[in-house]
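One structure below.
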Amino acid sequence: MQLKPRPTAALGHYLTPTPAGFSLHMSASPRNLRAVRGLTEATLLGSGVAPDLVDSAQLVLSELYGNAVHACGEFVPLVAEVESTHAGVWVRLHDPDRMCLPHRSGVQLDDPEAESGRGLPLMDYFAPGWDVTLTPVGKQICCLLRHGGA
């Protein structure tokens, strides 16, 4: 009989391993961003995901995280989910603000003058078709990074 991994908790951090990834409830902070990036890397590499796809998943998750902090403020409660599937890697981030939806700034990825605004074009590049779902307690942004994609 295989034992089911148990959730682990720390201040501002509640990790639930899943069969193909994890779900992490956390308060947004630089420490927790480093932790979720490291957890993403370890989990995906351990599942046999190609290193380039792991890097892309970390970048997408970091972008979602940064956008949530920009929209909601530091220490906002977030739920990050990362899952390896036959189609690729799912990255999902849930934040509590249903009213603040992603909006495009019109900045191009290759604009040498832009100081910000490249996040959504990056999302389009790495996870075409990403979407936003409103939930009873906020919104969730879901991204599928496909094997052999960008």
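Worth pointing out:
- Cut-off 14 Å between beta-carbons: net charge of the residues surrounding R146, Lys and Arg +1, Asp and Glu -1: -3
- Computed lengthening from L122 to L134, 0.36 nm per intervening residue step minus Cα-Cα distance: 2.1 nm
- Cut-off under 5 Å, modelled amide H: who pairs with A28 long-range: F75, V76, L78
- The T85 and R31 beta-carbon pair, evaluated with R₀ = 22 Å, returns a calculated FRET efficiency of approximately 0.15.
Since every read-out is calculated from the coordinates, none of them should be taken as a lab result. What you see is a predicted model; the values in this text were computed from it and never measured. Cβ atoms come from the backbone with ideal geometry, glycine included; neighbour counts cover every protein chain shown.
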